[in-house]
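See structure below.
Nothing in this text is a laboratory measurement; each read-out follows from the coordinates by a stated rule. Quantities reported herein were computed from a predicted structural model and do not represent experimental measurements. Cβ coordinates were reconstructed from backbone atoms using ideal geometry, including for glycine residues, and neighbour counts include every protein chain displayed.
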Ligand SMILES: NC(=O)c1ccc[n+]([C@@H]2O[C@H](COP(=O)([O-])OP(=O)(O)OC[C@H]3O[C@@H](n4cnc5c(N)ncnc54)[C@H](O)[C@@H]3O)[C@@H](O)[C@H]2O)c1
């Protein structure tokens, strides 16, 4: 395949601010993790930007640079953290309460964590029914709230002399919202902000503020937020990369690892029953049926798209798929996810697969937050804007153009991500054909 010229990418010089609306379990595990890694107290396991390599050129060339050396990424030393929450706890207190990382680790980085204090949130209980918090902004309209978020960001940027910013939503899952007229265009959306339209959730106010300022935005929850034409329009207008939605961790990660394998070997599926117990605040929020509906939509679509029942009716037509999440406080952040998978093979003979994944939700999510922040900052410096489909690898419900179907297969997603990095650097795309090594067609 022909080499293309490399894309001009601004260097990752100076300081990068990472903004997280929501400073709960995921955000503090991420923040404390980066600080601990900087001090040599742990390793960035699970992070492609920190540990991943990329093959360049032919296999015979044996070139496998680290991704962070192949593309110019921000250095962990240059990162600063800022965020909002409806609780006033600083990052140390919030991390302690989240119960993910051990106190002995948190105590070693306590001053750094205590210095990270959230700003009051844009919050409305109608969108997250299970939460009550008093640390919230007061304004007359949603438009005014957006201005206040922009002021917080500008102040943070100045205080820490930041050169660039990214925003990663680590807040709660909101109630299910459907796309409606107010989301159809930027004009309608801005009018809706001024008129306090109920179709505009708090998460959209943060996202609007960020994208308006040209700050890349990733949506870690299944909320509708930037998955609407108004936000895509704004992102194109301000040349801002956006990505979403819903971090791919736990059970869905397993699903997108296993389902492509079953399909590759043309094994059929009768049913896939998934159930989870978890006891963190996220679990409590998802105990509300309206927030659960948002999550359920995000989790269910995965198998349909990977298995393509229309193309393989004998294997995947009418398979039964159920996902349950049960709030069970004793487990805290240590989720347990069970999958029962009824498959069939040669001549229709049935088989079963059982998975019992004792995972740690936020331990799986933290490296995703880091990678998204660094890759979105890279995308911005490469002048990429709008939907960044190459970051689908990190999401349960990847954003895509309306005329395309989303790609859920983890391995295709990884190939797409790495090929995008090769594209940025003007290196050959890797097709895995291998015709250069074997003269099999002569
Ligand atoms: N942990 C995972 O593996 C995982 C995977 C996929 C998605 N997610 C999503 O990531 C999000 C964060 O998960 P978590 O485990 O950290 O939850 P969490 O409940 O510990 O943290 C969320 C925080 O957001 C705050 N919040 C809620 N609404 C807010 C608002 N409008 N503005 C500012 N702060 C607000 C809450 O007070 C809370 O502190 C959730 O939406 C969750 O569904 C998590």
Practice item. Arrange the following residues from fewest to most other Cβ atoms within 10 Å of their Cβ: 346, 272, 338. Key: 346, 338, 272
Point to revise | Cα-based shape type of the stretch 59-211, given that a ≥ b ≥ c are square roots of the gyration tensor eigenvalues and the cut on a/c is 1.5 | key: oblate
Check your understanding: So how do 354, 248 line up by other beta-carbon neighbours within 10 Å, fewest first?
Key -> 354, 248
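Would you list 181, 342, 361 from fewest to most Cβ contacts within 10 Å? Don't skip to the answer; put the middle values down first.
On the way: 181 11, 342 16, 361 24.
By the 10 Å Cβ count, ascending: 181, 342, 361.
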Review point. One-quarter of the Cα convex hull surface for the stretch 374-442, in nm²?
Key: 6.6 nm²
Exercise for review: Sticking to Cα atoms, compute the Rg of the stretch 251-359 to one decimal and its Dmax as the biggest Cα-Cα distance, whole number, in Å.
Suggested key: 14.9, 47
Revision key, fill the gap. GNM of the chain, Cα pairs under 10 angstrom: of 174, 158, 428, the biggest fluctuation goes to 158
Review point. What whole number of Å gives the distance from the Cα centroid of the stretch 257-334 to the Cα centroid of the stretch 387-442?
Key: 24 Å
Exercise for review: Take the Cα atoms of the stretch 41-104, find their three principal axes, and give me the spread along each one in whole Å, biggest first.
Suggested key: 55, 22, 19
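Take every DSSP beta bridge with both residues inside the stretch 251-359 and express the antiparallel ones as a percent of the total, to the nearest 5. Please list the in-between numbers first.
Numbers: 19 of 27 bridges.
Here the antiparallel bridges make up roughly 70 percent for the stretch 251-359.
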Study note, to complete from the structure: In whole percents, the bins of 20 Å from zero upward hold the Cα-Cα pairs of the chain as 25, 58, 17, 1
Practice item. Identify which of 148, 204, 351 has the largest mean-square fluctuation in a Gaussian network model of the chain, with springs joining Cα atoms closer than 10 Å. Key: 351
Revision key, fill the gap. Using the Cα gyration tensor of the stretch 143-261, the equivalent ellipsoid's semi-axes, largest first and to the nearest Å, work out to 25, 20, 13
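Run the helix sum for the chain: -39,500 (n - 2.57) per DSSP H stretch of 4+ residues, divided by residue count, reported at 222 nm to the nearest 500 deg cm²/dmol. List each step's numbers first, then the result.
On the way: 16 runs with 167 residues, N = 442.
Calculated from helices alone, the mean residue ellipticity at 222 nm is -11000 deg cm²/dmol.
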Point to revise | Cα centroid separation - the stretch 355-372 against the stretch 117-134, whole Å | key: 24 Å
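Could you grab the relative contact order for the chain? Cα pairs under 8 Å, six or more apart, rounded to a whole percent. Don't skip to the answer; put the middle values down first.
Numbers: 887 pairs, mean separation 92.4, N = 442.
Rounded, it is 21 percent for the chain.
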Check your understanding: Cα centroid distance between the stretch 183-215 and the stretch 147-175, in Å?
Key -> 15 Å
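Assuming a ≥ b ≥ c are the square roots of the Cα gyration tensor eigenvalues, decide whether the stretch 239-306 counts as rounded (a/c under 1.5), prolate (otherwise, with a/b larger than b/c) or oblate. Before the final figure, lay out each step's value.
Numbers: a/c = 2.28, a/b = 1.33, b/c = 1.71.
Because a/c hits 1.5 or more and a/b fails to exceed b/c, the stretch 239-306 counts as oblate.
Considering only DSSP beta bridges whose two residues both sit in the chain, what percent are antiparallel, to the nearest 5?
That works out to approximately 45 percent antiparallel.
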